[in-house]
Amino acid sequence: MVAVRALATVAGRLQRADLLQVTALTFAVLVVALNVNWPDGGARVNEAWGPVAALRNSLLAVLALAYAVSIWGRVAPGRLAEARVTFLALVAVAVLTWPFEVAARAASYPAVPGYWPALVAFATLGAYFGLGLLVGRALRGPYSGVLTFIAVPAALALIVWLDVGVGGGHLNPWSVPSAVSLTYLAWSSPFALVCAFLLARPKRRPSVAAGGDAR
Amino acid sequence: MGAMRLIVPAARSRGAGLVRALALLACLVVCGTVSAAGAAVGFRLGIANEVVIGAWNMLRVETRDLPRSTLTLMLDVGTLRDGEVPVELTFELSGGGGVNAFETELFVPPFRSLSWWVTTAERVVASGSLAGRETDGRPLDLVLTSRGPVPRAVIANAVGGAARLVEVTLSDLPASPAAFDGVRSLTVEGSAPVDSIVAAAVAGASVVLAGGREALAGPLAALVPETGVATIGAGRVAVLDLPVAEAAVAAIGGAGNLGRPGQLLVAVLAEPLVGTPRQAPVGAILIGSVIYAVMALVAIRLGGAPGLLASAIVAAFSAFGAWQALRPPPPPYVGAVALAQVGGPLAVMHEALESLTLPRALLAFPAGAAPVRPQSYSGSARSVSVPTPAWRSVTVRLPPRAVGAPLAVVGRTVRNDSSVPLTGVYVTGLGAQPDLAPGQTVELAPGEVGAYPALYLALVPALPDGTLVASSGCAVEGRCVVWLATVGAAAAPEAVAPEALAAAPRPSDGGPWSP
């Protein structure tokens, strides 16, 4: 019953206009990426998997970061429940976008082992959601709504800048699916743990002063 | 104290002298050891150390009283535009007392630098290098004489100075056709090992035995019929009663009947040996992906929890279906072709392999293989590994080898002596001929000109008229062998005069059926 109730909650979150539109947009982007990169007209080489996997992972990272900052930056009751169900909804989006990656992978024969893109998608979701929760906590206040629009691209730009600084291909979600990288797992694990810790903790009683979750 | 002052320096002086003497002795011992170690390795690349670029060359390394050691060759086959393209070859050298020799054949592409070193477990015992600008791509003209020096000036004047004349000794001559790949002619005065003579002729060299039949020893005399000329593989052996200088000139003039088989192999490789797997049309991918996306969104939007569950199931089935429908068979895809030039009972076979990989991979080939296009690779006595990017193929050539001739040409008649059918029979200048079943004999007759398989497309224009082209094994085994033979008068020159040898058909000459 708990699982069915959780499923219904997640389905309800996915049905809400914001996430439904974002999911539709994600599907549309992946459909276009798959077909644009699919060889046609006598081309011999199928390298569709690279852009599709990179795009899927990057979209998941952006969605996780943006939703986490937006939810955790708010001063509103029910923030924890909202974060939990949104995270699970994003996991569902990751599952539903998997066939695009599989179709591209089947024909492209990339050298990366099959477990890696699957693992990296969930690691990316957890890490960027955790990072978003931390950024959201730091921004929480009267201007958090505005600052979210600045903080999300700034955080992504900072990660790309750091990635370039350490040699490239180990931190940013675009290049990570193309090669097994323990550095990425090491980098993403603390943020994923933060995500797990913040989302799995029991709900606190609403305090009068905070008007919702304590942190 | 004064005596002490006098004694102590004297004692120190004696001690210092002793130390100097010991140091000198140690230095002599070390120098002697190093010198002995330096002489303990002999390295030769090419016949008589003459490397021919773009051909197979003999590599011989001799070690003397060395433990088990490793020979490493490092070539840079890059260009100014491509930068460094390293090729690393490693061979284990057997050790122990006495002399140990290691021999193999290497295809030497144009290179910028070549360095080699021999190492034991402890140290480097010998090393050397060769710069690309010191090398030469011209074929060798070998002269083996037991009666004094070769009159180089006479030969150079007679052939126009273009010959790369090399005087060799008996020990310089290898016994494998691959080692003679870069040899245009071999002139022998006196005795020579039959194996080397046959290997040189099979590889395509024009071999002339100077001094007439009377000067030949038993096995050599048996090699050449009374006519004085024997066609063997891609080359020939002729006996001429001439002094060595004139015999060498005749040998150089009589070389190159069909062109080098190794170069003709490149013409066969104009078409890829393996095809990439067929891709699903982009229209089908578009329709499939849109249908899936719409189904998933509709299920989410309208279905609630059951819809989400259904969309997850649809995702799983879609992924499975896409995998089954779009996944090509597992690589590598391998194709092979060989080009063999028939002469008499033997043929020289040049083989090429092409391997296509879909993921990025380290493609493995048999030992001795060398990529046709300059690229980085590593090799040993066991295998050759070529790092290859995704969806790319690598074509390698294998060392040429002697094989039995599957067909015999007698005048205008061709007989299939093999156990497999010869298909796609075509004679340049005469036209298509019927296929030859095993044991069948046919008389050549004018046929449809230009009606030859696509495999010959780049090959036939490079051949002189009067060349028979046939293939075997294409349909059944997927390992095509293209056989070349000279038919008609060109197959067995009756004349033994040097003029006749030099007048044998060349690629540019007209043949018996030339218009």
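Per-structure values
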{"quantity": "Debye-sum result for chain B in log10 I(q)/I(0), which assumes one identical scatterer on each alpha carbon, at q = 0.07, 0.13 Å⁻¹", "calculated": "-0.53, -1.28"}
{"quantity": "Rg to Rh, two decimals, where the range B:137-267 supplies the alpha carbon set and Rh follows Kirkwood", "calculated": "0.94"}
{"quantity": "Equivalent-ellipsoid semi-axes of the range B:324-462, from the Cα gyration tensor, Å, largest first", "calculated": "36, 19, 14"}
{"quantity": "Tail beyond 21 Å, pair distance distribution of the range A:1-122 (Cα, percent)", "calculated": "45 percent"}
{"quantity": "Value at 222 nm in deg cm²/dmol, rounded to 500, when DSSP H runs of n ≥ 4 in chain A each add -39,500 (n - 2.57)", "calculated": "-24500 deg cm²/dmol"}
{"quantity": "Relative contact order of the range B:152-261, defined on C-alpha pairs under 8 angstrom at six or more residues apart (%)", "calculated": "29 percent"}
{"quantity": "Net length gained if the chain between residue B:413 and residue B:147 were fully extended (0.36 nm per residue, minus Cα distance)", "calculated": "91.4 nm"}
{"quantity": "For residue B:103, solvent-accessible area (1.4 Å; no DNA, RNA or ligand), Å²", "calculated": "100 Å²"}
{"quantity": "Sites residue B:437 and residue A:180, calculated FRET efficiency, Cβ-Cβ separation with R0 45 Å, nearest 0.05", "calculated": "0.20"}
{"quantity": "Note, ³J(HN,Hα) from phi for the range B:175-183, Karplus 6.51, -1.76, 1.60, rounded to Hz, x at Gly and Pro", "calculated": "10, 10, x, 4, 5, 9, 4, x, 9"}
{"quantity": "Test item: A:24-36 mean partner chain Cβ contacts at 10 Å", "calculated": "3"}
{"quantity": "Per residue accessible area in Å² of chain B, where ligands, DNA and RNA are left out and the probe is 1.4 Å", "calculated": "45 Å²"}
{"quantity": "Between the range B:316-346 and the range B:428-485, the alpha-carbon center distance in angstrom", "calculated": "26 Å"}
{"quantity": "Interatomic Cα distance distribution for the range B:414-474, bins of 5 angstrom, percent", "calculated": "4, 21, 30, 24, 17, 4"}
{"quantity": "Expected 222 nm ellipticity per residue - DSSP helices of 4 or more, -39500 (n - 2.57), all of chain B, to 500", "calculated": "-8500 deg cm²/dmol"}
{"quantity": "Other-chain or far-sequence residues with amide H under 5 Å of residue B:66's (modelled H)", "calculated": "B:96"}
{"quantity": "Chain B - share of DSSP beta bridges that are antiparallel (%, nearest 5)", "calculated": "75 percent"}
{"quantity": "Residue B:47 long-range amide H proximity, modeled H, under 5 Å", "calculated": "B:58"}
{"quantity": "Cα-derived Rg to Rh of the range B:342-424, Kirkwood definition", "calculated": "1.16"}
{"quantity": "Relative contact order (%) - the range B:369-434, alpha-carbon pairs under 8 angstrom, separation at least six", "calculated": "20 percent"}
{"quantity": "Gaussian network model of chain A, Cα within-10 Å springs - most flexible of A:150, A:159, A:71", "calculated": "A:150"}
{"quantity": "Cα-based shape type of the range B:193-287, given that a ≥ b ≥ c are square roots of the gyration tensor eigenvalues and the cut on a/c is 1.5", "calculated": "prolate"}
{"quantity": "Fraction of accessible area attributable to carbon and sulfur, the range B:295-434 (%, probe 1.4 Å)", "calculated": "64 percent"}
{"quantity": "Longest to shortest principal axis, alpha-carbon extents of the protein assembly as shown, angstrom", "calculated": "122, 117, 40"}
{"quantity": "Contact order normalised by residue count of the range B:273-367, Cα under 8 Å, 6+ apart, percent", "calculated": "29 percent"}
{"quantity": "Under-5 Å amide H pairs with residue B:204, H placed in peptide plane, nonlocal only", "calculated": "B:234, B:235"}
{"quantity": "Rounded to 5, the percent of DSSP beta bridges in the protein assembly as shown classed as antiparallel", "calculated": "75 percent"}
{"quantity": "Heavy-atom accessible area ranking, 1.4 Å probe, most first, across B:295, A:1, B:74", "calculated": "A:1, B:295, B:74"}
{"quantity": "Shielding of B:281-292 by partner chains, average beta-carbon count, 10 Å", "calculated": "5"}
{"quantity": "Heavy-atom accessible surface of the range B:107-225: percent carbon and sulfur, 1.4 Å", "calculated": "54 percent"}
{"quantity": "Where A meets B: accessible area buried, both sides, 1.4 Å probe, Å²", "calculated": "3300 Å²"}
{"quantity": "Of every Cα-Cα pair in the range B:140-202, the percent that sits beyond 20 Å", "calculated": "25 percent"}
{"quantity": "Most mobile of A:127, A:94, A:106 in a GNM of chain A (Cα contacts under 10 Å)", "calculated": "A:106"}
{"quantity": "Descending Cα extents along the principal axes, the range A:153-201, whole Å", "calculated": "36, 26, 15"}
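The values are calculated or read from the model by the stated rules, or taken from the named source; none is laboratory data. Everything quoted here is computed from the prediction, not taken from an experiment. Counting neighbours? That spans all protein chains shown, and the Cβs are built from the backbone with ideal geometry, glycine included. The area values use the complete protein model at the heavy-atom level, side chains included, leaving out ligands, DNA and RNA. Shrake-Rupley method; radii C 1.70, N 1.55, O 1.52, S 1.80 Å.
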